[in-house]
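First the structure, in the form of structure tokens, and then the observations on it.
The values are calculated or read from the model by the stated rules, or taken from the named source; none is laboratory data. These numbers come from a predicted model, not from an experiment. Note that we place each Cβ from the backbone using ideal geometry, even for glycine, and neighbour counts take in every protein chain shown. These area figures cover heavy atoms from the full protein model, side chains too; ligands, DNA and RNA do not enter into them. Shrake-Rupley method; radii C 1.70, N 1.55, O 1.52, S 1.80 Å.
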Amino acid sequence: MIPLYDTMDSPERFAELTWEGIKNKYLYGAATSLDEAIALANTEIFDNKKGIATGYNMWNVPGSELINGTTGKFNSAIKRKYNPENWEDHIFRTGQKIEGDVRISGGSEKTTFFTSLGYLKDEGYYMESDFERFNARSNVSSNLSSWLKSTINMSYSNMKINSPGQSDENINNGFQFVNAMPALYPVYERDDGNLIEDTRVGGYRYDYGNTENRSRAYGGGINPVGSLRLDKKETKHDQFAGNALFEAKFLSDFKLSSNIGLQYIGSRQDELTNPYYGDAEGLGRITKTQASYKEFTFNQILSYVKSFDLHNFDAFVAHEYSTMDYSYTKGQKSLLVRSDNTEWSNAVIMGYMDSDTYGYTIESYFGQIKYNYDEKYHFNASLRSDGSSRFSKGNKWGTFGSVGAAWVLTKEESLSEIDWLNNLKYKLSWGLLGNQDISTGNTRANFYPYEDLYSISNMNDKPSFSFVYKGNPNLTWEKSSIINTGIEFDIFNFLSGEVEYFHKTTTDMLFLKQVAPSLGYASYPVNDGKMINQGLEFNLTANIVKTNDVKFDFRVNGGHYSNKITQMPIDETTGLQKPIELKTPYAWSKGHSYYDFYLREYAGVDPETGMALYNQYYNVKANGKREPISEMETYASKLH
């Protein structure tokens with residue numbers, strides 16, 4: 001396990017740094033004298049508005065007496081009133097796991113089957129969290145006749161998850177809380193150092209850091225330990241996957257196969273926020289989310305395999321249809337009657353309710369042919385046409401393909417007699433690939449990027465429409481042309497490997513192009529720009545020891561890659577290539593990488609103030625006046 005980074009575990013050290021921060025604020029930020037800055041730091045280190053809330057002073061003296069103003073260190077003679085709890089001790093535990101499975105297999109000459117059942121109960125080391133799963137799988141293969149075979153696979157799993165306070169976007173997440181919460185702040189509230197009994201839920205009162213003299217700059221209104229006990233987050237999943245394959249052989253060299261596949265995932269999540277403490281105090285909330293995902297695939301493949309003399313053929317033509325749809329419903333109610341019931345009938349006030357359904361379909365026709373002569377000369381070619389629902393009528397279809405060849409030189413008579421050269425193969429290929437995926441920052445728009453999208457809301461009980469996303473009906477497939485060449489070798493049956501070089505040119509790139517916000521939108525999707533990726537890769541294996549009883553290999557692999565944008569999108573206002581396209585935290589510019597960070601130019605640290613310094617460039621005009629350059633790529637483009 002990768003160890004966690006070091007954190008500050010001393011309240012005294014936290015007090016020192018807080019004091020130092022206040023002192024520096026006045027010394028450098030407000031240009032006060034050193035003595036004045038020290039006096040203000042002593043006064044404000046514990047202050048409900050400017051420093052640490054006064055209720056968190058865990059020592060037996062006022063805050064003004066904690067820090068030695070000369071050394072900036074904590075006065076060691078001062079004693080604590082209490083020791084704050086370690087958050088980890090109240091969030092984590094030793095987990096346990098129970099798992100079992102049963103497997104059954106058998107069959108006859110014509111039919112074989114395999115069935116398995118499994119159960120897992122995993123109580124995680126995060127308190128109140130657990131994972132329970134039941135799963136079943138069944139596979140049946142049958143030779144229905146001498147020419148017809150079928151295979152059916154099915155699997156099902158049911159999962160239940162309890163995970164209060166563990167979502168990534170939730171500040172209640174105990175994993176991040178224990179690393180970010182200063183050691184000064186305790187799990188429980190104190191009254192002059194004494195724990196306070198909780199008369200509403202029993203035990204001791206949790207410190208949520210949201211009262212006047214006990215407010216926290218970090219995690220105010222949040223206490224993951226209290227959430228573990230009082231909040232709920234229950235998730236249930238049902239997953240099914242099944243496919244049926246039928247294969248028919250005829251005319252000795254032909255095979256027709258058809259495969260039908262279905263995947264379904266259904267989930268329900270119930271989340272309860274308690275009515276006693278935190279951001280739902282006095283109300284309580286119930287949030288429910290239901291979602292379903294379905295994917296259906298149907299393909300047919302007609303293949304032909306034939307060998308005669310030294311000639312070997314392998315070809316197929318195929319059709320595939322695939323569709324996916326996703327739907328969800330989410331809503332929230334508040335003002336709970338019972339604090340532990342997650343049904344909406346337990347709440348009074350309707351908060352919101354929303355639902356959505358989206359998906360996509362892709363249909364493909366494709367084929368491939370392979371030929372080799374005596375396993376010495378190899379040739380292959382493929383062609384495919386894909387139609388995607390992500391593009392508008394007239395732009396849905398794209399045609400792609402590839403050709404390739406390989407030459408096994410060690411099968412040539414002139415090299416076959418070299419004992420130490422066991423294999424030497426040269427290969428070369430070219431292909432044109434298509435890409436339909438685009439990231440728009442809007443989930444719906446990712447599936448319908450050619451459409452203008454609007455949201456619907458209620459305005460005085462009348463429908464209102466708000467513009468959300470600008471589509472582009474001319475959008476179509478992104479294309480990548482790839483050349484690949486390389487060698488494979490085996491020397492002395494000891495060292496084998498391969499070395500390959502590739503060069504990939506991407507055109508009609510799919511991305512969001514920025515435009516003037518005065519148009520009513522800041523960006524829209526386009527096919528534009530050009531980019532080159534190239535690289536060298538190698539993979540080597542040395543057979544150090546190879547006997548009947550022992551085998552020891554040493555493997556090493558590596559690669560070198562480069563990426564460069566060679567053509568920028570067109571600026572419609574000028575008709576020229578844009579000098580820069582911002583993609584926070586990156587920026588695109590001709591000659592730069594797709595993933596170059598767009599940053600200010602760091603110039604070091606000011607030795608007097610300790611503040612960071614950055615370079616500022618100027619354009620000096622004829623009259624001597626200096627004009628600041630706000631963006632260097634745009635400025636440089638105007639010089640050409």
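Computed values, structure above
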{"read-out": "Equivalent ellipsoid dimensions for region 161-281 as semi-axes, Å, which come from the Cα gyration tensor, largest first", "value": "54, 15, 10"}
{"read-out": "Per residue, in Å², the accessible surface of the chain once ligands and nucleic acids are set aside, probe 1.4 Å", "value": "59 Å²"}
{"read-out": "Value of D in µm² per second that Stokes-Einstein yields for region 88-247, Kirkwood Rh from Cα pairs, at 20 °C (1.002 mPa s)", "value": "108 µm²/s"}
{"read-out": "Degrees, to the nearest 10: 11-24 long Cα axis against longest axis of the chain", "value": "80 degrees"}
{"read-out": "Built amide H within the under 5 Å cut-off of Asp452, gap 5+", "value": "Gly471"}
{"read-out": "Net length gained if the chain between Ser457 and Phe379 were fully extended (0.36 nm per residue, minus Cα distance)", "value": "22.1 nm"}
{"read-out": "Spherically averaged projected area of the chain from its Cα convex hull (nm²)", "value": "46.4 nm²"}
{"read-out": "Distance between modelled label sites at Phe597 and Met611, nm, 7 Å Cα→Cβ extension", "value": "2.2 nm"}
{"read-out": "Equivalent ellipsoid dimensions for region 278-412 as semi-axes, Å, which come from the Cα gyration tensor, largest first", "value": "59, 17, 13"}
{"read-out": "Nearest-ten-degree value, helix 34-44 long axis tilted from longest Cα axis of the chain", "value": "90 degrees"}
{"read-out": "Those lysines that a straight Cα-Cα span of less than 22 Å connects to Lys427, excepting residues fewer than 8 apart in one chain", "value": "Lys370, Lys376, Lys411, Lys504"}
{"read-out": "Extension gain (nm, one decimal) between Asp356 and Asn243, 0.36 nm per residue minus Cα-Cα", "value": "37.9 nm"}
{"read-out": "Overall form of region 502-640 per C-alpha gyration tensor (a/c, 1.5; a/b vs b/c)", "value": "oblate"}
{"read-out": "Overall form of region 4-59 per C-alpha gyration tensor (a/c, 1.5; a/b vs b/c)", "value": "oblate"}
{"read-out": "In order through region 140-151: 3J(HN,Hα) via Karplus (6.51 cos²θ - 1.76 cosθ + 1.60), integer Hz, x for Gly, Pro", "value": "9, 10, 9, 8, 5, 7, 5, 10, 10, 10, 9, 9"}
{"read-out": "Heavy-atom accessible surface of the chain: percent carbon and sulfur, 1.4 Å", "value": "53 percent"}
{"read-out": "Whole-number D in µm² s⁻¹ for region 388-542, Kirkwood Cα-pair radius fed into Stokes-Einstein, 25 °C, 0.890 mPa s", "value": "125 µm²/s"}
{"read-out": "Rounded to whole Hz, the Karplus (6.51, -1.76, 1.60) HN-Hα couplings of region 237-253, x for glycine and proline", "value": "10, 10, 10, 9, 9, x, 8, 10, 10, 10, 10, 10, 9, 8, 6, 6, 10"}
{"read-out": "Nonlocal amide H pairs with Asn423, under 5 Å, H built at 1.01 Å", "value": "Asp490"}
{"read-out": "Per DSSP, loop trypsin sites (Lys or Arg not before Pro) in region 511-574 with at most 13 further Cβ within 10 Å", "value": "none"}
{"read-out": "Interchain or long-range residues, amide H under 5 Å from Ser129's placed H", "value": "Gly124"}
{"read-out": "HN-Hα J in Hz across region 376-387 - Karplus 6.51, -1.76, 1.60, θ = phi - 60°, x for Gly and Pro", "value": "9, 10, 10, 9, 8, 8, 9, 8, 8, 10, 10, x"}
